[in-house]
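> Before we start, here is the structure in question, set down as structure tokens.
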Amino acid sequence: MSRNLVAIVVFLVGLLAVCWIGVGYAGTHPLAAVVAAVIAACYLAGAYELFRYRQATTTLVQALPAIADGADNLDGWLSRLAPSLRNAVRLRVQGERVGLPAPALTPYLVGLLVLLGMLGTLLGMMATLRGTGLALESATDLDAIRSSLAAPVKGLGFAFGTSIAGVASSAALGLLSALLRRERAQAVQELDAGIAAQLQAHSPAFQRNETFRLLQEQNALMPALVDRLQAMMGSLEQQQHGNNERLQANQQAFHERTEAAYTQLAASLQAAMQDGIRHQANAVGTALQPVVDATMQG
């Protein structure tokens, strides 16, 4: 028999017991019917709270097979749970040993149902004793006493009937609560196992251990890092020295080429100036030759 069927059967047994008592008092004892109605209302209120409680448990049970998805996206996995469970499960994943929300009204109603049944019993006993006293005062013979005691004795049925309804509904509600709490406890055990296996990366203890491990690895790599830095510095120094030598050689070659170019330019300018002076002297001599010839002839 599945868990759902067991829970349904327990709920129906308690409800039928209350309804049976209430229907029996519907036309004969209005006060008993009212007490039975109050017992039924309290029983249904507790059953509704347990129904919501079981719905939340069902979302947790359905989300547990995909708990590995929470390793990369915890918020996405938590969105599959009922809103009443998300914060508690998040704290539990993070290492806080908090309990999941439990029914708050049902434990009180379990005791209240018994008290309501006892209240009905006391009312019935009071009505019985009152009717018995009145019957004994007004009766004169045995037949009259029997007939007058018949009605008060029926009040005992009212007294013990409400007790039966209260005890039966209280037992059914308590058993139903125990079954659903047991189902929640099993789901929480699976949740803890999944947290320890797939979601441990979100726990502070795991993060501290991981940080400590990374620090140890970093400390272990420091000597090698220092050696590599020293080798890099030596390589940079050698490269800088080679660059300086190449730069000096290039500057020296540049100066030599510049000096040769300047020397060639000076020689070219000197030759050009000499040719210009010679051409100018020839031109002046050519221009002055007629004047000189005329002067010599004069």
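> Whenever you get a sec, compute what percent of the accessible area on the range 35-89 sits on carbon and sulfur atoms (1.4 Å probe).
57
> Using the Kirkwood radius over C-alpha pairs as Rh, can you work out the diffusion coefficient of the range 1-91 via Stokes-Einstein at 4 °C, viscosity 1.567 mPa s, in µm² per second?
After rounding, the answer is 81 µm²/s.
> Something else: Using 7 Å Cα-to-Cβ label points, what is the Q239/V291 separation (nm, one decimal)?
In this crude label model, Q239 to V291 measures out at 7.6 nm.
> Find the accessible area per residue for the range 1-103; the probe is 1.4 Å, ligands and nucleic acids are left out, and the unit is Å².
Per-residue value: 54 Å².
> May I ask you to derive the relative contact order of the range 1-100, considering only C-alpha pairs under 8 Å and at least 6 residues apart, and to give it as an integer percent?
Result for the range 1-100 is 15 percent.
> Using a 10 Å cut-off on Cβ atoms, rank the peptides 178-189, 34-45, 163-174, 233-244 from the highest mean neighbour count down.
The densest-packed peptide leads the list: 163-174, 34-45, 178-189, 233-244.
> With each pseudo-label sitting 7 Å past Cα toward Cβ, what's the W20-A185 distance in nm, one decimal?
Output for this residue pair reads 3.0 nm.
> Still on this structure: Length gain on complete extension for the stretch T211 to L31, per 0.36 nm per residue less the alpha carbon to alpha carbon distance?
Stretched out fully, the T211 to L31 stretch lengthens by 57.8 nm.
> Using the Karplus curve 6.51 cos²θ - 1.76 cosθ + 1.60 with θ = phi - 60°, work out ³J(HN,Hα) for each residue of the range 255-272 in order, rounded to whole Hz, and write x for Gly and Pro.
Ordered by residue, 3J(HN,Hα) equals 4, 5, 5, 5, 5, 5, 5, 4, 4, 5, 5, 5, 4, 5, 5, 5, 5, 5 Hz.
> Could I ask something else about it? Please list, by residue number, everything in the range 85-101 whose backbone N is under 14 Å from a paramagnetic label point 7 Å out along Cα→Cβ of Q55.
85
> Quick check: residue separation of H279 and A261 times 0.36 nm, minus the Cα distance between them. What number comes out in nm?
Contour length minus Cα-Cα distance gives 3.8 nm.
The values are calculated or read from the model by the stated rules, or taken from the named source; none is laboratory data. Model, not experiment: these values are computed from the prediction. Here the Cβ is made from the backbone with ideal geometry for all residues, glycine too, and neighbour counts use every protein chain on show. Keep in mind that these areas ignore ligands, DNA and RNA; they rest on the heavy atoms of the full protein, side chains included. Shrake-Rupley method; radii C 1.70, N 1.55, O 1.52, S 1.80 Å.
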